[in-house]
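The structure under discussion appears below in the form of structure tokens.
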Amino acid sequence: MTEKKTLPSGHSQILQMEMHGITKRFPGVVANFKVDFDVRAGEVHALLGENGAGKSTLMKVLYGMYQPDEGQIKLDGTPVTIHSPVDSIKQGIGMIHQHFMLVESLTVAENVALGMPSTRGPLTDLKKVSARIYELAEIYGLRVDPDAYVWQLAVGQQQRVEIIKALYRGAALLILDEPTAVLTPQEVDEFFVTMRQMVTDGHALIFISHKLHEVLDISNRVSVLRDGEMIGTIPTQGATKTQLAEMMVGRPLGEIKIRQQSKTSQTRLVLQDVCSQSDRGTPALKNVSFEVCAGEILGVAGVSGNGQKELAEVITGMRPVTSGKIILDTQDVTGKSPKVLMGRSLSYIPEERMRDGMIKEFTVAENLILREHDQMPFSRRGFLDLKAISEHSEGLIQDYNVKTPSLETTVKSLSGGNIQKLVLAREISRRPHTLIAAQPTRGLDIGATEYVHHRLLEQREAGTATLLISEDLDEIMALSDRIAVIFEGEIMGVVPRDQATAEQIGLLMAGVAETAAK
Amino acid sequence: MIDQLFTEAVLVGILASGIRLATPYLYASIGETLSQRSGVLNLGVEGQMLLGAFTAFYITFTTGNLWLGVLAAMFVGLLMGLAMAFVTINLQAEQGISGIGFYLFGLGMSDLLFQKMLGTVATVSGFRPIHIPWLSDLPIIGKILFSQNILVYGAYLLVAVTWFVLNKTTLGLKIKAVGESPQAADSLGVSVSRIRYLTVSVGGMLSGLAGASLSIALLNVFQQNMTSGLGFIAVALVYFGGWRPFAVMGGALLFSMVNSLQLWVQVLNIPIPSDFAVMMPYVLTIIALVITVQRVRPPSALTKPFERGH
Ligand SMILES: Nc1ncnc2c1ncn2[C@@H]1O[C@H](COP(=O)(O)OP(=O)(O)O)[C@@H](O)[C@H]1O
Ligand SMILES: [Mg+2]
């Protein structure tokens with residue numbers, strides 16, 4: 001073995017970390033079953049798997065946030081027990097969580113200092129911390145202002161803070177749980193430069209993603225988890241996307257085929273100079289204008305938090321418009337209530353399916369008739385017709401392939417994919433003229449994602465005008481006829497799909513306006 | 001009539017008693033600030049104060065030792081705080097409801113003990129104003145600021161100390177982090193439950209002290225339900241002050257100054273209906289709350305129990 005050296009972050013290297021036979025159970029779920037996994041200094045080991053495969057759980061076990069039911073962890077050959085993050089931090093393990101672990105109301109330096117001993121005893125030593133942040137930022141190209149409050153920072157910057165936090169704690173082994181999910185393609189490139197620098201210095205990196213091209217790009221080895229079990233570990237060199245995807249899903253995948261020509265006939269949805277405010281009262285949408293025609297999918301691309309949520313809410317009548325006009329099927333519907341809009345054949349697949357899409361304590365059947373519960377045939381003179389309801393629900397569950405023990409099961413106990421199928425069933429079976437789909441595949445596994453895509457394309461065939469709002473650029477590129485890019489509440493440009501490149505869209509997503517306007 | 005208020009002696013009296021009357025509010029609301037900053041809403045303050053007030057009074061009454069009374073009241077408050085911490089942190093009970101439970105417990109218990117152990121209303125000779133050489137002799141200022149008893153000074157000192165702890169120490173950083181984002185704090189190895197135990201029990205201890213300041217420093221008697229809503233006002237003051245110690249102090253002062261004014265109005269027999277006079281501080285609180293609460297944001301994790309992995 002090579003000599004252990006000291007990393008620029010101050011900790012000595014972890015040459016090899018091994019996890020043996022890790023099993024972790026939650027009530028009713030085996031999240032990890034006899035999983036072996038290892039990582040060495042100077043490599044990126046990618047951990048691949050669908051949502052719910054158990055990736056985060058395995059990593060939380062390594063980081064001491066969960067205790068494994070069985071199994072052993074070894075650092076440089078010595079078995080260790082990690083009771084809590086305090087232990088793992090001490091051992092030189094750092095973790096960037098899928099959901100950032102930052103205190104928004106504190107500054108960058110305060111977040112970095114939190115929980116660390118101070119050189120001034122009980123008093124904080126934020127000046128020293130800031131100086132160290134500048135040093136680390138210099139080495140790894142992580143520009144960030146130590147005195148800025150976290151809530152002021154963009155997502156990409158917040159991620160840098162997370163990395164600095166881990167490095168400040170002397171992390172020699174860094175777990176990166178889906179770090180690229182929130183970044184623009186350009187930010188991903190920058191992030192990879194930082195990762196490569198860390199690997200060159202001798203860090204050991206674990207990289208979790210379900211974007212295959214990223215995994216192929218950055219990693220040295222890939223391991224695939226499926227349903228909590230380790231399917232295999234292979235060198236990245238020589239691996240292909242198809243091979244990895246099949247390992248993840250466990251079966252060959254179909255391909256999305258999309259007709260290039262769409263029959264753009266009549267205009268269904270028009271937004272004219274629509275402005276609106278965020279919950280905080282700041283401008284969220286600035287003069288947004290576009291139109292969606294029957295039989296087309298207009299994709300709205302953008303980095304999270306650039307007005308997508310407000311856009312969907314404004315169109316569906318859930319958020320007031322401060323100025324501008326919304327026209328649905330040639331009628332001005334600005335300021336109309338969701339109920340009126342629904343009557344005009346507008347359907348909505350909300351971003352927060354558990355909060356806005358479903359009432360999670362209600363049963364499957366109840367949720368399926370939420371929209372029409374007070375109309376015939378489900379309701380007669382104020383009384384629910386339970387027979388009609390269950391027949392209707394039974395039909396939908398079959399048509400949409402929902403896996404549920406019964407109609408009386410509460411929605412909260414179903415998996416994410418099945419819940420989304422219920423939302424689709426309710427919204428699409430109404431044969432809407434216009435469909436707003438906000439992040440329709442967020443958090444779904446590949447199988448369910450495929451299903452949703454299939455259904456959306458089917459709607460396009462059937463002549464529905466679809467507005468697809470998504471932060472997943474690959475999804476936008478695969479499904480849209482035209483792509484609108486939103487940045488800080490403004491539409492930066494609308495590009496036909498066949499003329500769009502990922503680079504161009506990425507630049508627009510970062511707020512760089514088109515220079516060579518046509 | 002009204003011009004009776006504008007004599008020097010009366011104005012000095014109003015200000016001096018305003019400063020003094022803020023004492024129980026300060027102890028209680030600073031304790032509550034700590035607890036809320038870490039994410040726990042303690043609505044049991046009033047009950048903790050009542051038991052503290054009784055304990056301080058009883059111990060002083062029987063032993064004649066004021067400091068023993070203060071310590072006993074703080075100890076009882078601490079026990080109540082620990083119980084509140086156990087219920088809300090370990091058992092993850094709904095905080096608002098648990099707090100009301102503790103209020104009712106303190107209300108009933110203090111009354112029961114009062115009936116059983118004292119029976120009638122008695123008085124003690126409480127803390128006396130301390131004479132500070134030179135400062136107390138200053139004209140006007142001396143009478144307003146420097147002729148107060150030790151618990152009054154202690155309350156204002158506590159405000160400064162709490163500000164310092166919250167803003168300049170690693171402990172303060174942990175308290176704020178736990179109240180804003182317990183997940184983040186936990187992921188960095190900060191024990192969420194330990195911090196919350198600390199703030200809630202210190203908060204309880206301070207509520208006990210607030211009770212003592214009423215029964216052996218301001219009024220020098222104990223009566224059933226003698227706090228009459230003071231503990232709830234203290235909770236409101238925390239919102240009013242936007243969870244910042246000095247702003248909370250500002251609120252407490254505003255409130256007690258108006259209270260002091262209305263007491264003098266009654267003393268001087270100024271013809272304002274006394275019910276209306278008594279109402280003034282409360283009306284003021286409601287108005288102040290309506291104006292301020294909309295622009296400050298409470299700690300994000302306030303009232304939310306923490307469990308790893310959620
Ligand atoms: N704290 C928890 N309590 C109960 N079940 C959990 C918990 N965390 C994860 N799970 C379950 O364990 C499985 C694996 O989840 P996770 O590790 O988050 O997957 P991944 O990160 O690969 O998407 C899922 O079925 C999930 O519902
Ligand atoms: Mg995960």
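The values are calculated or read from the model by the stated rules, or taken from the named source; none is laboratory data. This structure is a prediction, so every number in the text was calculated from the model and none was measured. Glycine also receives a Cβ, built like all others from the backbone with ideal geometry; neighbour counts cover every protein chain displayed.
Anything in the range A:412-454 that is among the β-branched types (Val, Ile, Thr), in a helix (DSSP H, G or I) and more than 20 Å from A:Leu269 (Cα to Cα)? List them, or say none.
If the condition is that a residue be among the β-branched types (Val, Ile, Thr), in a helix (DSSP H, G or I) and more than 20 Å from A:Leu269 (Cα to Cα), then A:Ile419, A:Val423, A:Ile446, A:Thr449, A:Val452 are the ones that fit.
Inspect all residues belonging to the range B:64-79 and state whether any of them is outside any helix (DSSP H, G or I), out of contact with any Leu (no Cβ under 6 Å at 6 or more places or on another chain) and among the β-branched types (Val, Ile, Thr). Give the steps one after another, and end with the answer.
Step one: list which residues in the range B:64-79 are outside any helix (DSSP H, G or I), which gives B:64-65.
Now narrow it down to the ones that are out of contact with any Leu (no Cβ under 6 Å at 6 or more places or on another chain): B:64-65.
Then drop every residue that is not among the β-branched types (Val, Ile, Thr), which leaves none.
No, the range B:64-79 contains no residue that is outside any helix (DSSP H, G or I), out of contact with any Leu (no Cβ under 6 Å at 6 or more places or on another chain) and among the β-branched types (Val, Ile, Thr).
Across the range B:123-132, what is the total count of residues that are part of a loop (DSSP other than H, G, I, E, B) and in contact with a strand residue (DSSP E or B) (Cβ under 7 Å, 6 or more places away or on another chain)?
3
I'd like the full set of residues that are in a loop (DSSP other than H, G, I, E, B) and small (Gly, Ala, Ser), limited to the range A:343-398.
Of everything in the range A:343-398, those that are in a loop (DSSP other than H, G, I, E, B) and small (Gly, Ala, Ser) turn out to be A:Ser345, A:Gly382.
Kindly indicate the residue of the range B:184-197 that is touching a residue at least 12 places away in the same chain (Cβ under 8 Å) and assigned to a helix (DSSP H, G or I) and also nearest to the other protein chains (Cβ to nearest Cβ) among those meeting that condition.
In this case the residue turns out to be B:Asp186.
Taking into account only those residues within the range A:285-306 that are within 23 Å of the chain's Cα centre (by Cα) and at pLDDT 90 or above, which is farthest from A:His433 (Cα to Cα)?
It comes out as A:Leu285.
Name the strands (runs of 3 or more DSSP E) wholly inside the range A:1-89 in which the number of residues that are touching a Lys or Arg at 6+ places or on another chain (Cβ under 8 Å) is 3 or more.
Counting at least 3 such residues, we get A:16-26, A:29-40, A:44-48.
Would it be correct to say that A:Ile175 is among the hydrophobic types (A, V, I, L, M, F, W, C) and free of Cβ contacts under 8 Å to residues at least 40 places away in the same chain? Lay out the reasoning, then the answer.
On the way: among the hydrophobic types (A, V, I, L, M, F, W, C): yes; free of Cβ contacts under 8 Å to residues at least 40 places away in the same chain: no.
Spelling it out, it is not the case that A:Ile175 is among the hydrophobic types (A, V, I, L, M, F, W, C) and free of Cβ contacts under 8 Å to residues at least 40 places away in the same chain.
Can you name every residue in the range A:445-461 that is more than 18 Å from A:Met477 (Cβ to Cβ) and either in contact (Cβ under 8 Å) with a residue 60 or more places away in the chain or in the same structural domain as A:His210 (by TED's automatic domain parsing) (or both)?
The answer is A:Asp445, A:Gly447, A:Glu461.
So that you can scan it fast, the table gives a plain yes or no per residue for (1) touching a His at 6+ places or on another chain (Cβ under 8 Å); (2) closer than 23 Å to B:Leu158 by Cα; (3) of a type in the set (A, V, I, L, M, F, W, C):
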site: B:Met249; (1), (2), (3): no, yes, yes
site: B:Leu254; (1), (2), (3): no, yes, yes
site: B:Asn259; (1), (2), (3): no, yes, no
site: B:Leu263; (1), (2), (3): no, no, yes
site: B:Ala277; (1), (2), (3): no, no, yes
site: B:Val283; (1), (2), (3): no, no, yes
site: B:Thr292; (1), (2), (3): no, no, no
site: B:Ser300; (1), (2), (3): no, no, no
site: B:Pro305; (1), (2), (3): no, no, no
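With respect to A:Ala171, determine if the residue is surrounded by fewer than 20 Cβ atoms within 10 Å (Cβ to Cβ) and either away from chain B (no Cβ under 12 Å) or closer than 28 Å to A:Ile73 by Cβ (or both).
Details: surrounded by fewer than 20 Cβ atoms within 10 Å (Cβ to Cβ): no; either away from chain B (no Cβ under 12 Å) or closer than 28 Å to A:Ile73 by Cβ (or both): yes.
For A:Ala171, the condition - surrounded by fewer than 20 Cβ atoms within 10 Å (Cβ to Cβ) and either away from chain B (no Cβ under 12 Å) or closer than 28 Å to A:Ile73 by Cβ (or both) - is not met.
Being assigned to a helix (DSSP H, G or I) and within 14 Å of chain A (Cβ to nearest Cβ) is true for just one of B:Ala210, B:Ala177. Which residue is that?
Details: B:Ala210 fails: within 14 Å of chain A (Cβ to nearest Cβ).
Exactly one of B:Ala210, B:Ala177 is assigned to a helix (DSSP H, G or I) and within 14 Å of chain A (Cβ to nearest Cβ), namely B:Ala177.
Restricting the range A:51-65 to residues that are in contact (Cβ under 8 Å) with a residue 40 or more places away in the chain and more than 12 Å from ligand 2 (Cβ to nearest atom), which is farthest from the other protein chains (Cβ to nearest Cβ)?
A:Leu62
Every residue, every condition in (1) surrounded by fewer than 18 Cβ atoms within 10 Å (Cβ to Cβ); (2) within 15 Å of ligand 1 (Cβ to nearest atom); (3) within 14 Å of another protein chain (Cβ to nearest Cβ), yes or no:
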| site | (1), (2), (3) |
| --- | --- |
| A:Asp177 | no, yes, yes |
| A:Val193 | yes, no, no |
| A:Ala204 | no, no, no |
| A:Leu216 | yes, no, no |
| A:Asn220 | yes, no, no |
| A:Gly228 | no, yes, no |
| A:Gly238 | yes, no, no |
| A:Val249 | yes, yes, no |
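In this structure, is A:Ile82 farther than 30 Å from A:Leu444 by Cβ and facing chain B (nearest Cβ under 10 Å)?
No, not satisfied.
Restricting to the range A:93-122, and then to whatever is within 16 Å of ligand 2 (Cβ to nearest atom) and assigned to a strand (DSSP E or B), can you tell me which residue is farthest from A:Asp177 (Cα to Cα)?
A:Met95
Look at A:Gly254 and say whether it is at pLDDT below 95, buried (at least 19 other Cβ atoms within 10 Å of the Cβ) and in a loop (DSSP other than H, G, I, E, B).
Judged against the criteria, A:Gly254 is not a match.
Among (1) more than 16 Å from ligand 1 (Cβ to nearest atom); (2) more than 28 Å from the chain's Cα centre (by Cα), where does A:Asp69 come up short?
(1)
Check off (1) assigned by TED's automatic domain parsing to the domain that holds A:Pro235; (2) in contact with an Asp or Glu (Cβ under 9 Å, 6 or more places away or on another chain) for A:Ala31 and give me the number that stays unchecked.
(2) is the only condition that A:Ala31 fails.
Cβ-Cβ under 6 Å, sequence separation 6+ or interchain: first residue in the range B:272-284 and surrounded by 14 or more Cβ atoms within 10 Å (Cβ to Cβ) and modelled with pLDDT under 85, partner in a helix (DSSP H, G or I) and β-branched (Val, Ile, Thr). Which pairs?
Close Cβ pairs satisfying both conditions: B:Ile272/B:Val265; B:Ala277/B:Val265; B:Met280/B:Val258; B:Pro281/B:Val258; B:Leu284/B:Val258.
Pick from A:Thr441, A:Thr404, A:Thr466, A:Thr410: which is more than 20 Å from the chain's Cα centre (by Cα) and buried (at least 22 other Cβ atoms within 10 Å of the Cβ)?
So the residue among A:Thr441, A:Thr404, A:Thr466, A:Thr410 that is more than 20 Å from the chain's Cα centre (by Cα) and buried (at least 22 other Cβ atoms within 10 Å of the Cβ) is A:Thr466.
Looking at B:Gly229, B:Gly251, B:Gly208, which one is surrounded by 24 or more Cβ atoms within 10 Å (Cβ to Cβ) and either over 18 Å from B:Phe57 (Cα atoms) or modelled with pLDDT under 95 (or both)? Write out each step before concluding.
Values: B:Gly229 fails: surrounded by 24 or more Cβ atoms within 10 Å (Cβ to Cβ); B:Gly208 fails: either over 18 Å from B:Phe57 (Cα atoms) or modelled with pLDDT under 95 (or both).
Exactly one residue qualifies, and that residue is B:Gly251.
Condition check ((1) outside the structural domain of A:Gly302 (by TED's automatic domain parsing); (2) among the basic types (Lys, Arg); (3) within 16 Å of ligand 2 (Cβ to nearest atom); (4) more than 22 Å from A:Glu471 (Cβ to Cβ)) across all residues:
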position: A:Thr124; (1), (2), (3), (4): yes, no, no, yes
position: A:Arg132; (1), (2), (3), (4): yes, yes, no, yes
position: A:Pro146; (1), (2), (3), (4): yes, no, no, yes
position: A:Gln157; (1), (2), (3), (4): yes, no, no, no
position: A:Val161; (1), (2), (3), (4): yes, no, no, no
position: A:Asp177; (1), (2), (3), (4): yes, no, yes, no
position: A:Val182; (1), (2), (3), (4): yes, no, yes, no
position: A:Thr200; (1), (2), (3), (4): yes, no, no, yes
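Just to be sure I understand, how many residues within the range A:276-309 are touching a strand residue (DSSP E or B) at 6+ places or on another chain (Cβ under 8 Å) and under 23 Å from A:Glu352 (Cβ atoms)?
In the first step, residues of the range A:276-309 are kept if they are touching a strand residue (DSSP E or B) at 6+ places or on another chain (Cβ under 8 Å); the result is A:276-278, A:283-303, A:306-309.
With the extra rule that they be under 23 Å from A:Glu352 (Cβ atoms), the set shrinks to A:276-278, A:283-285, A:288, A:292, A:297-303, A:306-309.
Looking only at that region, the number is 19.
Tally time: how many residues in the range B:35-87 are of a type in the set (Ser, Thr, Tyr) and under 21 Å from B:Ser98 (Cβ atoms)? Give the steps one after another, and end with the answer.
So the first thing to find is which residues in the range B:35-87 are of a type in the set (Ser, Thr, Tyr), and the list is B:35, B:38, B:55, B:58, B:60, B:62-63.
Now narrow it down to the ones that are under 21 Å from B:Ser98 (Cβ atoms): B:35, B:38.
So the count comes out to 2.
Would you please name the residue that is nearest to ligand 1 (Cβ to nearest atom), looking only at residues in the range B:265-310 that are within 23 Å of the chain's Cα centre (by Cα), closer than 27 Å to B:Gln4 by Cβ and hydrophobic (A, V, I, L, M, F, W, C)?
B:Ile287
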